[in-house]
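Q: Before anything else, here's the structure in question.
Read-outs throughout are calculated quantities, based only on the coordinates presented, and are distinct from any laboratory measurement. Given the structure is predicted, the values throughout are model-derived calculations rather than measurements. Here Cβ is always computed from backbone atoms with ideal geometry, including for glycine, and neighbour counts include all displayed protein chains.
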């Protein structure tokens, strides 16, 4: 199935309405990501290596991705785990796809755009964590289809277990 006709929007240049929608999308899945308020979102965007949304023709946010290169100034414990265990990596801090756009290749498009940008900066791998507790089988299947492999598991906080995943940037699949 081909994906929807979407256009990329850098979040650093995004109108307030787009940022408000990003916050609302994140809030709907905070149990699988992490809370964001406007100040935190703006701080992450300012430090991110990749902060983009995909918008439809009506400027609705189909999805967004925040990513950090391994040498970035980022305070995530999961990011720091990768910093201690990997080199030359691009880290996906969070990716959220709006319910109306799920299973329409939005996440693949965002990952492919970040992978291309990371390769252009000379990085060699993409990293992320996926929840094991609470389980996230859709994300597990998505990352397996992209060729990610597990490096380790960890309990970053009570009630949460994650799988740390990595995938080489060479041979990244098309969106």
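Q: Taking a ≥ b ≥ c as the square roots of the Cα gyration tensor eigenvalues, with a/c under 1.5 meaning rounded and otherwise prolate when a/b beats b/c, else oblate, which class fits the stretch 25-97? List each step's numbers first, then the result.
A: Details: a/c = 2.03, a/b = 1.70, b/c = 1.19.
Judged from the Cα gyration tensor, the stretch 25-97 comes out prolate (a/c at least 1.5, a/b above b/c).
Q: Compute the distance in nm between two label points, each set 7 Å from the Cα along the Cα-to-Cβ direction, one at residue 34 and one at residue 151.
A: With each label placed 7 Å out from Cα toward Cβ, I get 1.6 nm.
Q: What's the Cα-based Rg to Rh of the chain, Rh via Kirkwood?
A: Result: Rg/Rh = 0.93.
Q: For 80, 74, which order do you get if you count the other beta carbons within 10 Å of each Cβ and list the fewest first?
A: Exposure proxy ranking, most exposed first: 80, 74.
Q: I need to check one value: relative contact order of the chain, counting alpha carbon pairs closer than 8 Å and at least 6 residues apart, in percent.
A: Numbers: 293 pairs, mean separation 33.4, N = 175.
For the chain, the relative contact order is 19 percent.
Q: With runs of 4+ DSSP H residues as the only contributors, calculate the mean residue ellipticity of the chain at 222 nm using -39,500 (n - 2.57) per run, divided by the residue total and rounded to the nearest 500.
A: Details: 5 runs with 57 residues, N = 175.
After summing the helix terms and dividing by residue count, I get -10000 deg cm²/dmol.
Q: If I model a spin label as a point 7 Å beyond the Cα along the Cα-Cβ vector, how far apart are those points for residue 27 and residue 71 in nm?
A: Modelled inter-label distance: 3.8 nm.
Q: Give, as ranges by residue number, the residues of the stretch 121-159 whose backbone N falls under 14 Å from the point 7 Å along Cα→Cβ of residue 80.
A: Only 156-157 fall inside the zone, counting backbone N under 14 Å.
Q: How many nm is it between the label spots at residue 10 and residue 59, if each spot is 7 Å from the Cα in line with the beta carbon?
A: Placing both labels 7 Å beyond Cα along the Cβ direction yields 1.8 nm.
Q: Compute the Cα gyration tensor for the stretch 1-46, then decide on rounded, prolate or oblate, letting a ≥ b ≥ c be the square roots of its eigenvalues: rounded whenever a/c is under 1.5, prolate when a/b is larger than b/c in the other cases, and oblate in all that remain.
A: oblate
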